[in-house]
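Step one of this worksheet: look at the structure below.
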């Protein structure tokens, strides 16, 4: 008398093959508020200028409403393959357009560029080394312009921070030494 049975490994293999054959790849969507679209466009454009192909056209959700009691500016959440950024709009992070850009590029760095960890290193002059710094949100903004005349201009730093966003081995700029 011959017994016909499948081993546990055989059963698992059959189950996995059936599951894999029936599993549909997760669909991703694109939903970005109009007022934040320019920041996504900036990231894609800056990536292209640096030879990085970045297509977020069908995989990015940005929404408001992160309830962090003012502690965080935002959060990158991976929901399966879906990229999702939650923004806290009740925060100093939105003090001006330049700070908004730095914040959004930071958040997109986490989600779109997969720079999961913060880089809190400093340049020799004490400035943040990276837009991915978790402590500083104004790398090239002027939210601390003490003159009261709003004549601060740190935009000359922007190119370095964008270079470093796409290439962590970017050397320190002259102004940072």
Restricting attention to region 37-66, which residues are over 21 Å from residue 118 (Cα atoms) and modelled with pLDDT under 90? 64, 65
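So, residue 24, is that one at pLDDT 95 or above, within 23 Å of residue 79 (Cα to Cα) and not in a helix (DSSP H, G or I) or not?
Numbers: at pLDDT 95 or above: no; within 23 Å of residue 79 (Cα to Cα): yes; not in a helix (DSSP H, G or I): yes.
Considered against the rule, which asks whether it is at pLDDT 95 or above, within 23 Å of residue 79 (Cα to Cα) and not in a helix (DSSP H, G or I), residue 24 comes out as no.
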Between a residue in region 42-64 that is within 21 Å of residue 29 (Cβ to Cβ) and any residue that is loosely packed, with under 13 Cβ neighbours inside 10 Å and modelled with pLDDT of 95 or more, which pairs come within a Cβ distance under 6 Å, given they are 6 or more apart or on different chains? 61/31
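The values are calculated or read from the model by the stated rules, or taken from the named source; none is laboratory data. Note that the structure is a prediction, hence the values are computed from the model and not measured. Please note: Cβ atoms are built from the backbone with ideal geometry, for glycine as well, and neighbour counts cover all protein chains shown.
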